[in-house]
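S.K.: First the structure, then my questions, so here it is.
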Amino acid sequence: MNGKATEEAGSSVGPGAAPAPLEWKFSQVFGERTAGEEVQEVDIISTIEFDKSGDYLATGDRGGRVVLFERTDVKDHEDRRALERLDSPVGRHPEFRYKTEFQSHEPEFDYLKSLEIEEKINKIRWCQTVNGTLILLSTNDKTIKFWKVLEKKVKRISGTNLGPSEHVGDGCLATSSTVSSRVHMLNGGSSERRHGYLSNDFSFPPGGFPSLRLPMVSIYDTSPLARCRRIYAHAHDYHINSISNNSDGETFVSADDLRINLWNLEISNQSFNIVDVKPANMEDLTEVITSAEFHPTHCNTLAYSSSRGFIRLIDLRQSALCDNHSQLFKGQDAPSTKSFFTDIIASISDIKFAKDGRHILSRDYMTLKLWDISMDAGPVATFQVHEYLRPKLCDLYENDSIFDKFECCLSGEGLRVATGSYSNIFRVFGCAAGSNEVTTMEATKAPMSRKQVQNSARPTRTLNNSARAVRRGAENTTLEANGNTYDFSSKLLHLAWHPTENSLACAAANSLYMYYA
């Protein structure tokens, strides 16, 4: 019992009780391309998101499509109590199957601004499930849509008085309306006859039917059907980079480069601007908003990041327009390390709250940073993702790779963090106190796991019982013999961690890879 409590409370793991490193294994792949197959631009995955239960997974691509996957292994063991009563533990990991897909966005053209709007899905966020109906939000650069995915019942008539050889029609009911056929007469007229009518050559059996049965309508199959219920449009002048649901289940925010808007899920024609960083003179613009995320439990707390490497925490109760932040988190770079690229690589591409709401994980171009919201002096831990690229920043600037936006994620218990890099590799870091876990794997069906031991760049210090350390996990360049061998055109930008289990979903071009530990 004590061990279980320790496992559930990630922040309570002491220096002497660091969890053992995980051994990651390949689970599944969807959309794997064959050798030499050219990937179409519209098929490249642009976002991944698990729902809160972990039973469903959604992906969006550059073609404006949303693809849903559902978990299959839990349905085989729905009675968990019976499973727990088994003498021997059953080792299982999340397994998913294709459920459905739908076209969420189409390419558009803004004639007033002479601007082409791509159909690419930027973000997907799951809403609370209602009566078994899956609900989610999806957005491209300009328009957010509210989708409901329900199970459509396919019905058929059973228990008729006719035998199988005498049965007329297929007996299926596609809709609840009555279907009829029009029969043309010789004189030019017509009469309507119901499907399943008795023709003139039908004869009753001798003695008639011994008994009559009332036909019944039965459900023999279900089919998922996606319907767009609301469209939230015409509220952003710049490209939407993030959306986030509030814990109250009623509101959500959408953020572009200069503004953050607050929406009510039930009202699509009105939003409230809560953050506006646009200066009166655009020449005075020094930073843009890169990501926004609601606190997982406090509905009044919102965090957003900027291109200067800042994370601001705001309280929606302070004022209608939250010009002033309640907390500011920013890293301190040594003056000797500043260069032309310092401001570019400091831009934060993604932030995520930990499940407990106490920590924030941020990803800039070179590092992952873990922040404690009660300490704004600096990050409690910094993880170097690909430090070997620092001498090549000039080349990365020339080919625009330095502007790639990598996402990050945390495990459900908060003990580990993960992010992607080039050559389709992803990295998992242990963030519990005393942990030196670093795992690097390539997104393939036969990944090669390369574990490294992190060496702290400076001695670990303790501030308010939180360890502050810089973990140099990527300084080991033995991953490849030469940094030039890395394929910068193959980048793993999007990944998501299962909310309750150690399972990762990673997007490599048009392929979705699943791993478990």
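S.K.: Going by the structure shown, is PHE96 under 19 Å from CYS506 (Cβ atoms), modelled with pLDDT of 80 or more, crowded, with 16+ Cβ neighbours inside 10 Å and not basic (Lys, Arg)?
M.R.: Numbers: under 19 Å from CYS506 (Cβ atoms): yes; modelled with pLDDT of 80 or more: yes; crowded, with 16+ Cβ neighbours inside 10 Å: yes; not basic (Lys, Arg): yes.
In short, yes.
S.K.: Another question about this same structure. Inside region 101-137, can you point out the residues that are over 21 Å from ILE260 (Cβ atoms), assigned to a strand (DSSP E or B) and at pLDDT 95 or above?
M.R.: Matches in region 101-137: GLU101, PHE102, GLN103, LEU134, ILE135.
S.K.: Only one of LEU328, LEU370 is in a strand (DSSP E or B) and either open to solvent by 30 Å² or more (accessible area, probe 1.4 Å) or of a type in the set (Ser, Thr, Tyr) (or both). Can you tell me which?
M.R.: Details: LEU370 fails: either open to solvent by 30 Å² or more (accessible area, probe 1.4 Å) or of a type in the set (Ser, Thr, Tyr) (or both).
None of the others qualify; the one that does is LEU328.
S.K.: Can you pull out the residues in region 125-142 that are surrounded by fewer than 23 Cβ atoms within 10 Å (Cβ to Cβ) and closer than 22 Å to GLU293 by Cβ? Don't jump to the end; show me each part of the working.
M.R.: Step one: list which residues in region 125-142 are surrounded by fewer than 23 Cβ atoms within 10 Å (Cβ to Cβ), which gives 125-133, 135, 141-142.
Hits for region 125-142 are ARG125, TRP126, CYS127, GLN128, THR129, ILE135, ASP141, LYS142.
S.K.: Still on this structure, please answer the following. Between residues in region 439-455 that are assigned to a loop (DSSP other than H, G, I, E, B) and residues that are modelled with pLDDT under 85, which pairs lie under 7 Å by C-beta distance while being six or more apart or on different chains?
M.R.: That search, which allows pairs on different chains as well, returns GLN454/ARG471; GLN454/ARG472; GLN454/GLY473; ASN455/ARG472.
S.K.: Here is a follow-up. Say we look at region 332-367 and pick out the residues that are aliphatic (A, V, I, L, M) and in a strand (DSSP E or B); which of these is nearest to the chain's Cα centre (by Cα)?
M.R.: We begin by selecting, within region 332-367, every residue aliphatic (A, V, I, L, M); these are 334, 344-346, 348, 351, 354, 360-361, 366.
Subset that is in a strand (DSSP E or B): 351, 360-361.
Working: ILE351: 13, ILE360: 17, LEU361: 16 Å.
It comes out as ILE351.
S.K.: Does ILE274 satisfy the criteria of being open to solvent by less than 40 Å² (accessible area, probe 1.4 Å) and closer than 23 Å to ASP237 by Cβ? Reasoning before the result, please.
M.R.: On the way: open to solvent by less than 40 Å² (accessible area, probe 1.4 Å): yes; closer than 23 Å to ASP237 by Cβ: yes.
Criteria met by ILE274.
S.K.: Going through region 357-366 one residue at a time, which ones are closer than 20 Å to ARG308 by Cβ and open to solvent by 10 Å² or more (accessible area, probe 1.4 Å)?
M.R.: If we filter region 357-366 for residues that are closer than 20 Å to ARG308 by Cβ, which is where we start, we get 360-366.
Across region 357-366, the qualifying residue is only ASP364.
S.K.: Identify all residues within region 278-295 that are open to solvent by 50 Å² or more (accessible area, probe 1.4 Å) and out of contact with any Pro (no Cβ under 9 Å at 6 or more places or on another chain); write none if there are none. Give the steps one after another, and end with the answer.
M.R.: Quick first cut of region 278-295, residues open to solvent by 50 Å² or more (accessible area, probe 1.4 Å) only: 278, 280-286.
Within region 278-295, LYS278, ALA280, ASN281, MET282, GLU283, ASP284 meet the criteria.
S.K.: Determine the pairs where a residue that is under 15 Å from PHE488 (Cα atoms), located within region 370-396, has a partner that is open to solvent by less than 10 Å² (accessible area, probe 1.4 Å) and assigned to a loop (DSSP other than H, G, I, E, B) with Cβ atoms under 6 Å apart, the partner being 6 or more residues away or on another chain.
M.R.: VAL385/SER421; VAL385/ALA474; HIS386/SER421; HIS386/ALA474; GLU387/ALA474
S.K.: Go through the residues of region 177-187 one by one and say whether even a single one is modelled with pLDDT of 90 or more, among the basic types (Lys, Arg) and open to solvent by 40 Å² or more (accessible area, probe 1.4 Å). Before you say what the answer is, go through the steps one by one.
M.R.: Looking only at region 177-187, we keep the residues that are modelled with pLDDT of 90 or more, and these are none.
No - not one qualifying residue is present in region 177-187.
S.K.: Among THR444, THR439, THR460, THR478, which is on the phi < 0 side of the Ramachandran plot, modelled with pLDDT of 90 or more, surrounded by fewer than 16 Cβ atoms within 10 Å (Cβ to Cβ) and out of contact with any Cys (no Cβ under 9 Å at 6 or more places or on another chain)? Steps first, answer last, please.
M.R.: Numbers: THR439 fails: surrounded by fewer than 16 Cβ atoms within 10 Å (Cβ to Cβ); THR460 fails: modelled with pLDDT of 90 or more; THR478 fails: modelled with pLDDT of 90 or more.
Answer to the check: THR444.
S.K.: Within region 388-436, track down each residue that is over 27 Å from the mean Cα position of the chain (by Cα), in a helix (DSSP H, G or I) and either surrounded by fewer than 19 Cβ atoms within 10 Å (Cβ to Cβ) or among the hydroxyl-bearing types (Ser, Thr, Tyr) (or both).
M.R.: TYR388, ARG390, PRO391, LYS392, CYS394, ASP395, TYR397, GLU398
S.K.: For region 138-156, indicate whether the set of residues that are of a type outside the set (Lys, Arg), out of contact with any strand residue (DSSP E or B) (no Cβ under 6 Å at 6 or more places or on another chain) and modelled with pLDDT under 90 is non-empty.
M.R.: Scanning region 138-156, I find no residue that is of a type outside the set (Lys, Arg), out of contact with any strand residue (DSSP E or B) (no Cβ under 6 Å at 6 or more places or on another chain) and modelled with pLDDT under 90, so the answer is no.
S.K.: Name the pairs: first residue in region 215-227 and aliphatic (A, V, I, L, M), second residue at pLDDT below 80 and not in a strand (DSSP E or B), Cβ to Cβ under 6 Å, at least 6 apart or on different chains?
M.R.: MET216/GLY159
The values are calculated or read from the model by the stated rules, or taken from the named source; none is laboratory data. As the structure is a prediction and not an experimental result, all values here were calculated from the model. When we count neighbours, we look across all protein chains shown, and the Cβ atoms used for this are built from the backbone with ideal geometry, even at glycine. Note: areas computed on protein heavy atoms with side chains; ligands, DNA, RNA excluded. Shrake-Rupley method; radii C 1.70, N 1.55, O 1.52, S 1.80 Å.
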